[in-house]
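These notes are about the structure you will find just below.
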Amino acid sequence: MIVLLTSCNRFSYNFPNYSYDNLAINKGINANSTYILNATKEYTDKGLRSKNMPEVVGYFKKRLNQNLIIKKDLKDNRGKYVLPFDIPYKVSKQDLTFLKEATNLDFLILSKIEYLELLNKESLSQKNKVRLFSALSGAIATIKIIDLQNNEVVLEMSCTASVGDSQTAFPEVDEFGIEELESIPIYKSAVTLGKKAMKRLLKKIN
């Protein structure tokens, strides 16, 4: 924690903490197989939106090269979209069956980012309930890879970024006649934390 002084206040910069969870057996990536990358789901105050994050696209392009297809680019010989429907993070068995039958792809890559103020606290794991219980800011980035041939989740990992509300105790500064100085915490927004959490999570994939 970095503390800055002014004549009236003390500002403290609260560094974020990053925690990782393996939510499924991590079988890594098979660079010889073909993958389809779905847009990242982002849960915002304006509702759910999908976007192709440069960090996510860039990482998997580097790992898979020509074996990666981005969903929006998947078209048939007539130029029509093979997958005109949205693929949710909690993809249904029906959608997985369609993907298997309509394409010759091996794996589906899904990702999402959730922000602290919009999280359903009841649905959190016990670990994340503790991590985010008193957080000033936080986000959870998650990546999941599904084997389309047998509907098996072969990788699912998350990174939880949080900034705690820990207070720094300051002694009284009697020589200035000040009985108490207010500490104002400065920290990164949940959106920034979500982006950083996703970057860190990508580095953890085998």
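Below are the figures for this structure:
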item	result
Alpha-carbon spread of the stretch 1-154, three principal axes, descending order, Å	69, 31, 30
Cut-off under 5 Å, modelled amide H: who pairs with THR103 long-range	none
Spin-label model distance (nm) - ASN104 vs LYS199, 7 Å beyond Cα toward Cβ	3.9 nm
Karplus 3J(HN,Hα) series, Hz, for the stretch 95-105 with 6.51 cos²θ - 1.76 cosθ + 1.60 (x for Gly, Pro)	5, 5, 5, 4, 4, 5, 7, 8, 10, 10, 8
Ranked by how many other beta carbons lie within 10 Å on average, peptides 137-145, 186-194, 149-157, 76-84 from highest	137-145, 186-194, 149-157, 76-84
Scattering profile of the stretch 38-111 at q = 0.18 Å⁻¹ [log10 I(q)/I(0), Debye over alpha-carbon scatterers]	-0.81
Förster-model FRET efficiency, 25 Å R0, ILE25 and SER50, C-beta, rounded to 0.05	0.40
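Only the coordinates and a few stated rules stand behind these numbers; no lab work does. Because the structure is predicted, anything quoted here is derived from the model rather than measured. Cβ atoms come from the backbone with ideal geometry, glycine included; neighbour counts cover every protein chain shown.
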